[in-house]
Amino acid sequence: MLMKTYIVPVDFSTTSVHAAEYAAMLSKQTDVAKIVLLHSYHVSLYQSVLPTPDMVLMTEAENDAEAEERLHQLKHLRTKLLKEVRNGVEIELKLSRETLTRSIIETLSDEHADVVILGSNGVDSNNNSHVGVNAINISKLSPAPVIVIPPVCCYEPVKRVVMACDFQRITESFPLESLRKLLERHEVELLVVDIDRQAKHKNADPQQLAEESVLHKMLKEYNPEYFFNESDDVINGILDFARKHKAEMVIALPHKYSFFQSLLHNSVSSRLTVHSAIPVLLLK
């Protein structure tokens, strides 16, 4: 995987620490050079000039002390992760007083980062992680691909990935760069599945149909296998397929290239990332 820099938002919750640990383990399979642990603690203008409910106005010295404590927690996490990352990977720490989403977008630009890795709270989780709660919104607004790590996920080397798409909807303008970074230089088996809810291709050969599309020309060098899935439930169809084929990651394409176009994007993204037991890579 040719992803040189990861951004990992951290709020010190179990959810975000789990994502950071996953990123550290993933470094052993990738060419990443740097992991940026980003902690955002937005202080609004009103908070800076108005007292707390206890009628205590925070001084600049107290704000500095709080920042120092947060930095100390980041350093503690870095020490832990340095035992798990591939040798040579740098772990950089960054504090930001911007909002979470803005701090991520700014850091992506400053670091020329390739991907954001963040945790999802999960469907049954009692973890109120600020990062986890905002996972879908971050995924929508991030200009870079996002890997969402579910709470039940244990790291396994990524050897097989499932990409869900509509064979016929892919065009020459499909942004292939993010996918190349995932597939190049490492032996990753690519399974491409078309959810055929209306069974329009019931007797068709998925390999033959795919080979007649622009999609196959673009992916040919990666030797993909093609499948149809006739599940009425798009999300469960994808996740069941991934589970049966023992995939380590699901790839969701940008909105207009998938069969999610007719569905509410927020709803689909939420179900896909919250209900999955394996990481979901949301391409851009």
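Of the residues that make up region 34-42, is at least one over 28 Å from Arg180 (Cβ atoms), open to solvent by 50 Å² or more (accessible area, probe 1.4 Å) and modelled with pLDDT under 95?
Yes, region 34-42 has at least one match.
Looking at (1) among the hydroxyl-bearing types (Ser, Thr, Tyr); (2) at pLDDT 75 or above; (3) farther than 28 Å from Ile117 by Cβ, which one does Ser262 not meet, given that it meets all the others?
The failed condition is (2).
What tally of residues in region 103-151 results from selecting those that are out of contact with any helix residue (DSSP H, G or I) (no Cβ under 9 Å at 6 or more places or on another chain) and modelled with pLDDT of 85 or more?
Total satisfying the criteria: 8.
For region 127-144, give me each residue that is surrounded by fewer than 24 Cβ atoms within 10 Å (Cβ to Cβ) and assigned to a loop (DSSP other than H, G, I, E, B).
Asn127, Asn128, Asn134, Ser142, Pro143, Ala144
I'd like the full set of residues that are modelled with pLDDT of 75 or more and assigned to a loop (DSSP other than H, G, I, E, B), limited to region 165-192.
Within region 165-192, Cys165, Glu187, Val188 qualify.
Which pairs do you get when a residue that is aromatic (Phe, Trp, Tyr), found in region 1-29, comes within reach of a residue that is open to solvent by 20 Å² or more (accessible area, probe 1.4 Å) and part of a helix (DSSP H, G or I), reach meaning Cβ atoms under 8 angstrom, with the pair 6+ apart or on two chains?
Final answer for the pair search is Phe12/Gln73.
Looking at the structure I just gave you, is Ile91 over 17 Å from the mean Cα position of the chain (by Cα) and modelled with pLDDT of 95 or more?
Here the answer is yes, as Ile91 does meet what is asked.
The values are calculated or read from the model by the stated rules, or taken from the named source; none is laboratory data. Note that the structure is a prediction, hence the values are computed from the model and not measured. Neighbour counts run over all protein chains shown; Cβ positions are idealised from the backbone, glycine included. Surface areas here come from the heavy atoms of the whole protein model, side chains and all, with no ligands, DNA or RNA. Shrake-Rupley method; radii C 1.70, N 1.55, O 1.52, S 1.80 Å.
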